[in-house]
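Read through the structure below, which is laid out as structure tokens, and then see the notes.
The values are calculated or read from the model by the stated rules, or taken from the named source; none is laboratory data. In this text, all values refer to a predicted model and were calculated from it rather than measured experimentally. Counting neighbours? That spans all protein chains shown, and the Cβs are built from the backbone with ideal geometry, glycine included.
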Amino acid sequence: MSAPAAATHAATRPLHTIAAWWQAAPFGLVFLLFFIVPLLLIGMVSLWDFNEYELIPAVSLRNYLSIFEGCSHLTDNGDFCVTLSTYLSTLKFCFLVWAITLVLGFAVAYFLAFHVRSSGMQTALFVLCTVPFWTSNVIRMISWVPLLGRNGLVNQTLMGIGLVNEPVEWLLFSDFSVVLAFVHLYTMFMIVPIFNSMMRIDRSLLEAATDAGATGWQTLWNVIVPLTKTGIIIGSIFVITIVMGDFVTIGVMGGQQIASVGKIIQVQTSYLQFPLAAANAVILLAVVLMIIYGLTRLVDIRKEL
């Protein structure tokens, strides 16, 4: 590069840098106002004190200490403290929903990507998968009540064909109904990223695996699954983060009898215990971030995308 050209390039580089910053400024401002600032406010309120009548702006660890009170030892019944028991219950639902949605989402995405040849039919079937999202979550949850209730369609059918002599009690307002509702609501969040990853796989790789003598399962496990890891991780993050903070589904489908971290935060907020709810929210955020960090260690999402 000649001297005049180099000087011109050096002079225009700061202008390009300034232009790039101006382009990113609106998005950075939105991120700051609607993500960073609310998180900082929640962290600040979690350190406040409170009583029955007012919030007291003061730096105190009282809320965090009260959350983990009694967690250093087992209760008289041999159980964990309320906080640990609630987190274990939430993580249990999170793991079950993640495992089921992963299997269902992968199967549906695999069928759409590799067994449906027509792009028009792929689009039609993909839109069909989105039909449940055309109504609100509450309506979709309530729709299970007439089916799973004590006198619901499922129990009536089971008794009608003679499989049971009395209604099955655990179909509704139980762990089963909560997991079922979660799977119904959030499987689509697993299908979309996995399907997107599968559509980007070079079909010549599958042909090469077949030519090399690989069976269908070997091709699936050694070719398709590794190349779909990005979609699996993104879908897992979606499902896990939503389930960890959910309180509406657990409240409705659990009959207000099953505890979760999100439910505890909602109850504390309804009783105007905002500092205690904020402390619980900070702890929940820390747990979710650790899970996401562990997932992102499995694959570099930014590099793969």
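If ALA181 satisfies all but one of (1) touching a Lys or Arg at 6+ places or on another chain (Cβ under 9 Å); (2) buried (at least 16 other Cβ atoms within 10 Å of the Cβ); (3) assigned to a loop (DSSP other than H, G, I, E, B), what's the number of the condition it fails?
Failed condition: (3).
When the range 52-65 is examined, which residues are found to be surrounded by 14 or more Cβ atoms within 10 Å (Cβ to Cβ), out of contact with any Ser or Thr (no Cβ under 9 Å at 6 or more places or on another chain) and either modelled with pLDDT of 90 or more or not in a helix (DSSP H, G or I) (or both)?
The first filter runs over the range 52-65 and keeps only residues surrounded by 14 or more Cβ atoms within 10 Å (Cβ to Cβ), leaving 55, 60, 62-64.
Within this subset, residues satisfying the condition of being out of contact with any Ser or Thr (no Cβ under 9 Å at 6 or more places or on another chain) are 55, 60, 62.
Answer for the range 52-65, where residues must be surrounded by 14 or more Cβ atoms within 10 Å (Cβ to Cβ), out of contact with any Ser or Thr (no Cβ under 9 Å at 6 or more places or on another chain) and either modelled with pLDDT of 90 or more or not in a helix (DSSP H, G or I) (or both): LEU55, SER60.
Mind listing just one residue for me: the one in the range 100-138 that is surrounded by 13 or more Cβ atoms within 10 Å (Cβ to Cβ) and of a type in the set (Gly, Ala, Ser) and, of those, farthest from GLY231 (Cα to Cα)?
Within the range 100-138, the match that is farthest from GLY231 (Cα to Cα) is ALA113.
Of the residues that make up the range 208-230, is at least one touching a residue at least 24 places away in the same chain (Cβ under 8 Å), of a type in the set (S, T, N, Q) and either under 24 Å from ILE142 (Cα atoms) or surrounded by fewer than 17 Cβ atoms within 10 Å (Cβ to Cβ) (or both)?
No - not one qualifying residue is present in the range 208-230.
Out of the residues in the range 66-78 meeting the condition of being surrounded by 11 or more Cβ atoms within 10 Å (Cβ to Cβ) and of a type outside the set (S, T, N, Q), tell me which one is farthest from ALA277 (Cα to Cα).
My answer is LEU74.
As an exercise: evaluate LEU84 against (1) in a loop (DSSP other than H, G, I, E, B); (2) in contact with a Cys (Cβ under 8 Å, 6 or more places away or on another chain) and give the number of the one condition it does not meet.
It fails just one condition, (1).
Within the range 187-200, does at least one residue satisfy the condition of being more than 21 Å from the chain's Cα centre (by Cα) and farther than 25 Å from ILE233 by Cβ?
no
Only one of (1) within 29 Å of ASN137 (Cα to Cα); (2) touching a helix residue (DSSP H, G or I) at 6+ places or on another chain (Cβ under 8 Å); (3) assigned to a helix (DSSP H, G or I); (4) not hydroxyl-bearing (Ser, Thr, Tyr) is not met by LEU289, so which one is it?
With respect to (1) within 29 Å of ASN137 (Cα to Cα); (2) touching a helix residue (DSSP H, G or I) at 6+ places or on another chain (Cβ under 8 Å); (3) assigned to a helix (DSSP H, G or I); (4) not hydroxyl-bearing (Ser, Thr, Tyr), LEU289 is out only on (2).
May I ask you to say which residue of CYS81, CYS94 is touching a Gly at 6+ places or on another chain (Cβ under 6 Å), closer than 24 Å to ALA279 by Cβ and surrounded by 16 or more Cβ atoms within 10 Å (Cβ to Cβ)?
After ruling out the rest, the residue left standing is CYS81.
Just give me the residues in the range 148-199 being in contact (Cβ under 8 Å) with a residue 60 or more places away in the chain and among the charged types (D, E, K, R), in sequence order.
Scanning the range 148-199 gives a single hit, ASP175.
Please verify whether the range 139-161 includes one or more residues that are touching a Phe, Trp or Tyr at 6+ places or on another chain (Cβ under 6 Å) and on the phi < 0 side of the Ramachandran plot.
no
For the structure I just gave you, tell me whether GLY251 is surrounded by fewer than 17 Cβ atoms within 10 Å (Cβ to Cβ), out of contact with any strand residue (DSSP E or B) (no Cβ under 8 Å at 6 or more places or on another chain) and within 27 Å of LEU147 (Cβ to Cβ).
no
Can you work out which of the residues in the range 157-174 that are of a type outside the set (Ser, Thr, Tyr) and either within 21 Å of THR249 (Cβ to Cβ) or under 34 Å from the mean Cα position of the chain (by Cα) (or both) is surrounded by the most Cβ atoms within 10 Å (Cβ to Cβ)?
Going through the qualifying residues, I end up with LEU172.
Check off (1) of a type in the set (Val, Ile, Thr); (2) in a helix (DSSP H, G or I); (3) in contact with a helix residue (DSSP H, G or I) (Cβ under 7 Å, 6 or more places away or on another chain) for VAL164 and give me the number that stays unchecked.
(2)
Name every residue in the range 274-305 that is surrounded by fewer than 19 Cβ atoms within 10 Å (Cβ to Cβ) and touching a strand residue (DSSP E or B) at 6+ places or on another chain (Cβ under 8 Å), in order of residue number.
Within the range 274-305, PHE274 is the sole residue that qualifies.
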